[in-house]
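The structure appears below as structure tokens.
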Amino acid sequence: MFRTQLQRELLLSMRAVQDFANPLIFFTMVTCLLPLAVGSETVLLQQLATGVIWVMALLASLLSLDQLFRSDYDDGSLDQFLLLPQGLFWPVLAKIIAHWLVSGLPLALLSPLLAMMFGLASSVYGFLLVSLILGTLYFSFVGAVGAALTVCLRKGGMLLSLIIMPLYVPVLIFGSAVVTQQLGGFSAMGPLGVVAALTAFAVAFSPLVIAAALRVGVEG
């Protein structure tokens, strides 16, 4: 069930590639333009790098969340999912994983190249990559909760942002601290462990919350 649904979601994503290409283009363009705006001073760029990359990754993830369940709601697919004997858990999990694979993971994989542009030491590239892989996964799962709560609203984008933005703040803080700690000569494993724990919690419980929210939204 999960594998079939995941293949379906990935195929649909490839057919609507512009929906997921826009966040990646936004993430890349903004982070590339910032050095031009603030100047080429290496120390300043290094101080800004981690925060900028994380904030841009967060904003880029928001761009594609509003449509996560919208098309299924509009064409009646969610009604069909409610009739499945397995329930909504596996379809929801597959949809979130597919969303992360085509939106969050490319952002994380691109981050070492952007870190190079900001003059960050190569020793932090691995920490930045791992923390963003975990962080973008958290963004997808927690963001999907907001998307499920607003799926029945035609213009729920602003409400979606208001719902999930406070939930993004802890991962944003600790995710940025991973590279900051490493650059300062301290261990990055503490903040990285916090990000991993928050992500594990989100992966474990978000599909259950999303399934309940979608059921309430569809059944009224």
Taking Cα atoms, the helix 2-15 axis meets the longest principal axis of the chain at an angle in degrees (rounded to 10) of 70 degrees
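Pairs of Cα atoms under 8 Å, at least six residues apart: use those to get the relative contact order of the stretch 74-166, whole percent.
Working: 48 pairs, mean separation 22.1, N = 93.
Relative contact order for the stretch 74-166 comes out at 24 percent.
What do you get for trypsin sites (Lys or Arg not before Pro) in the stretch 131-220 restricted to DSSP loop and a cutoff of at most 15 other Cβ within 10 Å of the site's Cβ?
Details: sites: Arg154, Lys155, Arg215; in loops: Arg154, Lys155.
Passing sites in the stretch 131-220 are Arg154, Lys155.
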Expressed in angstrom and ordered largest first, the alpha-carbon extents of the stretch 153-194 along the principal axes are 48, 15, 11
log10 I(q)/I(0) for the stretch 1-126, Debye formula on C-alpha points only (no solvent), q = 0.09, 0.10, 0.18 Å⁻¹, two decimals, reads -0.35, -0.42, -0.92
Two pseudo-spin positions, 7 Å from Cα along C-beta at Met116 and at Ile25, lie apart in nanometres by 2.4 nm
Within the stretch 180-220, DSSP-loop chymotrypsin sites (Phe, Trp or Tyr not before Pro) with at most 15 other C-beta atoms within 10 Å are Phe186
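What order, most packed first, do the peptides 28-35, 116-123, 60-67, 98-105 have when packing is the mean number of other Cβ atoms within 10 Å of each residue?
Values: 28-35: 15.9, 116-123: 14.1, 60-67: 21.5, 98-105: 23.1.
Taking the mean over residues of other Cβ atoms within 10 Å, the ranking is 98-105, 60-67, 28-35, 116-123.
No lab work stands behind these numbers, since they all come straight from the coordinates. Model, not experiment: these values are computed from the prediction. For neighbour counting, all protein chains shown are included, and Cβ atoms are generated from backbone atoms with ideal geometry for every residue, glycine included.
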